[in-house]
Amino acid sequence: MRRTILTFFLPLAAVAGLTTAAVNKPAQGLNLFSINQDIALGAQVAKQTDSLYRAKGQLLERSRNPRAYQLLDGVVKRVLDNGNIKYRKQFPWDVQIIKDDQTQNAFATPGGHIYVFSGLIKFLDDENQLAGVLGHEIAHADRRHSTQQLQQQYGTSLLLGLILGNRSSNQLVQIAAGLGQLKFSRSFETEADKYSTIYLNGTRYYSCDGAAGFFIKAEKQGGAGTPEFLSTHPNPGSRIQNIQRSAQQLGCAGKSVSNSNFNELKRLL
């Protein structure tokens with residue numbers, strides 16, 4: 001579902017930095033992008049994603065849906081203000097709703113732009129689950145999984161070609177079309193699950209195992225009814241148990257919050 005065209009220009013001086021000070025080596029692998037490049041890439045991805053879904057009449061505009069966004073923004077802000085987001089001030093951290101009740105998915109671009117399908121929100125049972133899934137996606141951006149996964153999928157030379165703008169439009173379209181099928185590695189999924197519990201613990205509001213509730217329900221669906229989220233976010237193994245164990249260790253499992261705002265959000269969609 002994530003089809004975007006990545007086009008932005010990076011000065012040659014910045015390219016040199018890719019192999020020196022800009023190189024970042026997280027546990028999962030090599031990241032050749034600097035934080036500023038994450039932000040620049042994310043801005044272009046978000047712009048093209050907005051255009052794609054707006055053209056299809058599926059992007060819920062903020063100006064026409066102020067209450068829905070007020071409710072969703074409230075959950076996002078609670079998760080972001082947990083005190084453990086490394087790039088809380090650097091990334092823009094905005095969220096958009098894609099009106100598609102048949103798609104139960106969410107994703108975050110490099111640089112912290114979050115997209116949530118209405119089908120996912122309607123699939124969830126409570127606000128804890130929504131906060132858990134949002135925490136998972138925020139972790140993918142904040143831990144910089146998105147840029148690393150793009151690098152692993154398409155190779156460094158092709159991505160540098162995109163950055164410099166010297167690739168053909170056909171190649172850009174091909175890359176954009178492939179983004180919808182981009183699957184995170186199991187190590188990235190494990191880390192995102194873990195940080196979801198850490199983020200929710202920092203809110204002192206949500207139950208840290210909120211994401212587990214979503215995965216439990218999703219696994220019960222099975223077959224054709226399985227949410228698309230699981231196809232792009234594969235199970236790293238013992239996912240539910242690991243989330244629940246982490247929440248218990250943090251001492252924040254089993255909390256309950258009012259679902260009045262969450263239920264209102266579902267009705268508005």
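Miscellaneous remarks
- Rounded to 5, percent antiparallel among DSSP beta bridges of segment 35-268: 50 percent
- Karplus (6.51, -1.76, 1.60) ³J(HN,Hα), θ = phi - 60°, over segment 139-155, in Hz, Gly and Pro reported as x: 4, 4, 6, 5, 8, 6, 5, 4, 5, 5, 5, 4, 4, 5, 6, 10, x
- Taking 7 Å steps out from each Cα toward its Cβ at residue 153 and residue 47 produces label points 2.1 nm apart.
- Sorting 99, 220 by accessible area puts them as 220, 99; the probe is 1.4 Å, largest comes first, and only protein heavy atoms count.
- Protection-proxy order for peptides 192-198, 90-96, 76-82, 63-69, each taking the mean of Cβ atoms within 10 Å per residue, highest first: 192-198, 76-82, 90-96, 63-69
- Descending semi-axes in whole angstrom, ellipsoid equivalent of segment 35-268, from the Cα gyration tensor: 28, 20, 17
- Across segment 106-112, rounded Karplus estimates of 3J(HN,Hα) from the backbone phi angles (6.51 cos²θ - 1.76 cosθ + 1.60, θ = phi - 60°) give 7, 7, 10, 7, x, x, x Hz, Gly and Pro being marked x.
- Average silhouette area of segment 21-123, convex hull of alpha-carbon atoms, in square nanometres: 7.8 nm²
- Rg and Dmax over the alpha-carbon atoms of segment 40-86 stand at 13.5, 37 Å.
The values are calculated or read from the model by the stated rules, or taken from the named source; none is laboratory data. Everything numeric in this text was worked out from a predicted model, so none of it was measured. Quick reminder, even Gly has a Cβ in these numbers, built from the backbone with ideal geometry, and neighbours come from all protein chains shown. Calculation scope for accessible area: heavy atoms of the full protein, side chains included, ligands and nucleic acids excluded. Shrake-Rupley method; radii C 1.70, N 1.55, O 1.52, S 1.80 Å.
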